[in-house]
Amino acid sequence: MEDDDQQKAADLVQELVLRLLSQNPQTPNPDPNSPAFLKTLRYAFRILSSRLTPSVAPDATAIAESLKRRLATQGKSSDALAFADLYTKFASKTGPGSVNNKWALVYLLKIVSDDRKSAVNGLDSSVLLPNLGLGDAASSLGNGFLRGGEAKKKDWSNGVLLVSKDPENLRDIAFREYATLVKEENEVTEEVLVRDVLYASQGIDGKYVKFNSEIDGYAVLDYVKVPRATRIMVRMLSELGWLFRKVKTFISESMDRFPAEEVGTVGQAFCAALQDELSDYYKLLAVLEAQAMNPIPLVSESASSSNYLSLRRLSVWFAEPMVKMRLMAVLVDKCKILRGGAMAGAIHLHAQHGDPLVHEFMMNLLRCVCSPLFEMVRSWVLEGELEDTFGEFFIVGQPVKVDLLWREGYKLHPGMLPSFISPSLAQKILRTGKSINFLRVCCDDHGWADAASEAAAASGTTTRRGGLGYGETDALEHLVTEAAKRIDKHLLDVLYKRYKFKEHCLAIKRYLLLGQGDFVQYLMDIVGPKLSEPANNISSFELAGFLEAAIRASNAQYDDRDMLDRLRVKMMPHGSGDRGWDVFSLEYEARVPLDTVFTESVLSKYLRVFNFLWKLKRVEHALIGIWKTMKPNCITSNSFVKLQTSVKLQLLSALRRCQVLWNEMNHFVTNFQYYIMFEVLEVSWSNFSKEMEAAKDLDDLLAAHEKYLNAIVGKSLLGEQSQTIRKSLFVLFELILRFRSHADRLYEGIYELQIRTKESGRERNKTQESSSWISEGRKAITQRAGEFLQSMSQDMDSIAKEYTSSLDGFLSLLPLQQSVDLKFLFFRLDFTEFYSRLHSKGKES
Amino acid sequence: MDQEAAETARESLELVFRMSNILETGLDRHTLSVLIALCDLGLNPEALAAVVKELRQESGTNHGSLR
């Protein structure tokens, strides 16, 4: 204060004292110079200088409000209204001449009024309600500590005086003693502590309640004297502050980190949700702070009421925010290292709570947290867009080549899959978006947008953003199902109609799986001689020419040009010893988008099947070729009449042997081929066609195709587990081919013989005179024929023997196979039980 | 201006007086005006209230009880 003010204040105080004393009936006209007056004046100054700052926050309106309320609760509603009216007027006075320090004045009035009332009620109130020691102390704070010591002394002496009069007063004395004790202990009033706790719960250090890093929490300062109970209470209440600090720190850290590091949209949403909760909490604190000033409304007037908020009341108020704040702190701890879907999942785990309060709170939180995630799902399912800059979504995209887009382009990220989305639903979500992308990238199709909007309309949500939220898993599932249904259908439509998937499959079956008989026959005819040459001598262009010729010569020419164009000749890499047969194959070129189905591995499987079938076809072809040469054998036998009987017999036996062996081989090959063509290829194809019809999405289709191909591979003895039987089968094929070359040589020899005998016959007719020479020649021919036939029949025998043993081996392996169809093959081959009898006989011997 | 200021001051005092009456403080106009002046000087209202209370109590008690 400046000197002027000081002087002015001193004068005013003197004046005040004068006025007050003059009102006193004992000292109606105090003498300003009397020592008694001066003493009083000094006393007044001491009081004034003892406390320079008020103990409450300057808030005139709050005080006025509390005064009004008190009046209202005392039943003086008219007074209350009048007071409120006056206060408004008073508050509106501004400018020169008005009261500057309004709150101080109003506060002053309040205290004076309080004091007076307690004075009117007399000592009674303090005697009647001595157990309100703490509250009393609080309310009589206006009188201050200053008086503490004296009051004690006074009360004490009073009490002692009273004892003699009234023995009942013993109790009063005890009470009073207790009150004094309490007062002594309470260096700080509860009001102040309440205020400090309110501060602390906002993470701010109060005057007495400060953050103590040693115990990691807020606590009343050690040197402040408060009862243990209060200390503990404050500590418990200010747990809220500790939790608040934790949450707040997390939020601000995340926000700071946001642009630089990857917090992610889910993390941001989480922070925003926490922030919302905190703002609610702030509101509560503001209300509490405002209420802190007001007295408790009491029914009876007589009892003096303390301020509205006590530590105990505060603990009730704090109960609910405490639960929430604790939850938030737990979540903050959990989510510190998590991101995206994983974070949502972690929060979701906490939502499974029986307490409706907690449950609702978590639902709210999750609704906020999950909104970005659901938005991603929505745009993925309906637009095929992967809006995931922070890698939070449970679907991850990889840049891949177009043909791998479906199989490898997008993957589920199990770590980011929140637990409230089931794996099957996630799979569906993945597929739907993948379908859209597939349509867009591979099929160059835009019809999916209609399908998507249709799906959205059907599921009741719009295609706009923010249509979905947490807790509406059913709606999400519905949307996904609808979208998946439509988009998958659209995708299959596009594949079937525009890209003629089925036709391509059929073409592959016809050309690669040798379904088109006339074409294969013709191709075999024209390509066969060429393929017998060494592989090095064959040019693939030549073969391509043959292929073209075969197409033109067969019904294949009426097929779609597009498909025929895709059919190519492929020469496999070959070594020096390889023949054309070993390296020749056909391939079918799959273009985008069908290369998703006909991948390289699939095509290589087709290639294996083709090679196998081609080999089988070649064997069959060879057998038919032998048959052609064998047919006119009755004529040949007729023309050998002139031969010697021994040679003739030899010839006949060789021919017969050949026929029998051929028949046996033919029986085997025909049945085997029948099995492959009808039991394997056609049955698989019909199954595949059925499944293709039933397929609901591309995955189904791929699975069906896979199954189809695997069935063919497995049943055609090309699988891993049928390696041994395949080997024995190839041995049989080898033998048949060897038989063919032997038979060819045999018949060639016979023809040669035939021609020679004819020639010799003619010569004999012409030149009778040189019969000795001719007979000499005939002898030589006969001898040569005999030798030839002998060697041939020996070869035949060895082939027959090998063949029988191989076939026996093959047949014994056949029942060991797992496939049921192969049992039928066995049954067919051994229809008359010839082989099984032979086998058992062989065993017996 | 002075006139106006005086008017405002008077009105304020009147308002305060009526409030004080409702609150049954038992303070008269003169005392109130002194208190207003003291408050405006920035004295602690709690202390002022204490003075008022103490001096009123003087009525009943002996001066000798004060140090």
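The values are calculated or read from the model by the stated rules, or taken from the named source; none is laboratory data. It should be emphasised that the depicted structure is a prediction, and the values quoted were computed from it without experimental measurement. Virtual Cβ from ideal backbone geometry, glycine too; neighbours counted across all protein chains shown.
Would it be correct to say that A:Asp115 is closer than 16 Å to B:Leu27 by Cβ, of a type in the set (Asp, Glu) and either within 60 Å of the chain's Cα centre (by Cα) or crowded, with 17+ Cβ neighbours inside 10 Å (or both)?
yes
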Within the range A:223-230, is there a residue that is of a type in the set (Gly, Ala, Ser) and surrounded by 22 or more Cβ atoms within 10 Å (Cβ to Cβ)? no
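For the range A:564-575, check the following and say yes or no: at least one residue is of a type in the set (A, V, I, L, M, F, W, C) and assigned to a loop (DSSP other than H, G, I, E, B). Spell out how you get there, then give the answer.
Step one: filter the range A:564-575 for residues of a type in the set (A, V, I, L, M, F, W, C), giving A:564, A:567, A:569, A:571-572.
Adding the requirement that they be assigned to a loop (DSSP other than H, G, I, E, B) leaves A:572.
Within the range A:564-575, one or more residues are of a type in the set (A, V, I, L, M, F, W, C) and assigned to a loop (DSSP other than H, G, I, E, B).
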Whether any residue in the range A:705-728 is modelled with pLDDT of 85 or more, within 30 Å of A:Thr629 (Cα to Cα), hydroxyl-bearing (Ser, Thr, Tyr) and crowded, with 18+ Cβ neighbours inside 10 Å is what I want to check. yes
Is it the case that some residue within the range A:66-81 is crowded, with 17+ Cβ neighbours inside 10 Å, within 22 Å of B:Ala9 (Cβ to Cβ), modelled with pLDDT of 75 or more and not charged (D, E, K, R)? no
Give me the residue from the range A:646-686 that is touching a Leu at 6+ places or on another chain (Cβ under 9 Å) and of a type in the set (Asp, Glu) and, out of that set, farthest from A:Trp614 (Cα to Cα). A:Glu664
Tally up the residues in the range A:549-570 that are surrounded by 14 or more Cβ atoms within 10 Å (Cβ to Cβ) and farther than 18 Å from A:Ala590 by Cα, please. 6
Search result, residues across the range A:188-215 that are surrounded by 22 or more Cβ atoms within 10 Å (Cβ to Cβ), acidic (Asp, Glu) and modelled with pLDDT of 80 or more: A:Asp196
Does the range A:808-823 include one or more residues that are at pLDDT 80 or above and either over 30 Å from A:Leu681 (Cβ atoms) or of a type in the set (Gly, Ala, Ser) (or both)? yes
Using beta carbons and a limit of 6 Å, which pairs, at least six apart or on different chains, have the first residue in the range B:1-16 and within 7 Å of chain A (Cβ to nearest Cβ) and the second one among the hydroxyl-bearing types (Ser, Thr, Tyr) and surrounded by 12 or more Cβ atoms within 10 Å (Cβ to Cβ)? B:Thr8/A:Ser98; B:Ser12/A:Ser98
Filter the range B:17-45 for residues that are facing chain A (nearest Cβ under 7 Å) and aliphatic (A, V, I, L, M) and give the result. B:Met19, B:Ile22, B:Leu23, B:Leu27, B:Val34, B:Leu35, B:Ile36, B:Ala37, B:Leu38, B:Leu41, B:Leu43
